[in-house]
Amino acid sequence: MCWDFEELRDLCRKRGIADSTVYQNALQWKLWRADYHAERAQAVWSELKQIVRAKGGIQVGGQDWQKADFASTAETEAAAQVLY
């Protein structure tokens with residue numbers, strides 16, 4: 001995702017907001033946080049693959065699977081929440 005900060009500055013000026021820096025910073029932080037949570041959601045499954053290799057397999061729906069599913073879901077929800 002890419003923000004057009006020049007367009008944001010123009011929109012703010014048109015609405016009488018002289019300095020849009022605070023909004024630009026907020027948008028950038030939101031993007032970084034959403035990216036972090038998205039990366040963590042994907043990393044959970046990579047970590048599960050390592051567990052599968054180490055144990056020689058796991059049961060789908062078993063404890064390791066449930067932990068990975070829970071963590072991935074929580075991180076995905078966090079990524080969506082950050083953008084709200």
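Counted as qualifying within the chain are the helices (runs of 4 or more DSSP H) with 2 or more residues that are out of contact with any Gly (no Cβ under 9 Å at 6 or more places or on another chain) and at pLDDT 95 or above, namely 21-55, 63-83.
Taking each residue of the stretch 50-72 that is among the acidic types (D, E) and looking for partners that are not in a helix (DSSP H, G or I) with beta-carbon atoms closer than 9 Å, six or more apart or interchain, yields D64/I58; D69/G61. For the stretch 29-84, a residue qualifies if it is in contact with a helix residue (DSSP H, G or I) (Cβ under 7 Å, 6 or more places away or on another chain), among the polar types (S, T, N, Q) and under 30 Å from F5 (Cα atoms), and exactly one does: T76.
Applying a threshold of 8 Å to beta carbon distances and a minimum spacing of six or more residues, or different chains, the list of pairs starting in the stretch 13-28 at a residue that is among the charged types (D, E, K, R) and ending at one that is assigned to a helix (DSSP H, G or I) reads D19/C12.
For the stretch 28-58, the set of residues classified as surrounded by 15 or more Cβ atoms within 10 Å (Cβ to Cβ), among the hydrophobic types (A, V, I, L, M, F, W, C) and closer than 16 Å to L83 by Cβ consists of L31, A34, A38, A41, listed by residue number.
The values are calculated or read from the model by the stated rules, or taken from the named source; none is laboratory data. None of the values given here were measured: they were computed from a predicted structure. Glycine gets a Cβ as well: all are built from the backbone with ideal geometry, and neighbour counts include every protein chain shown.
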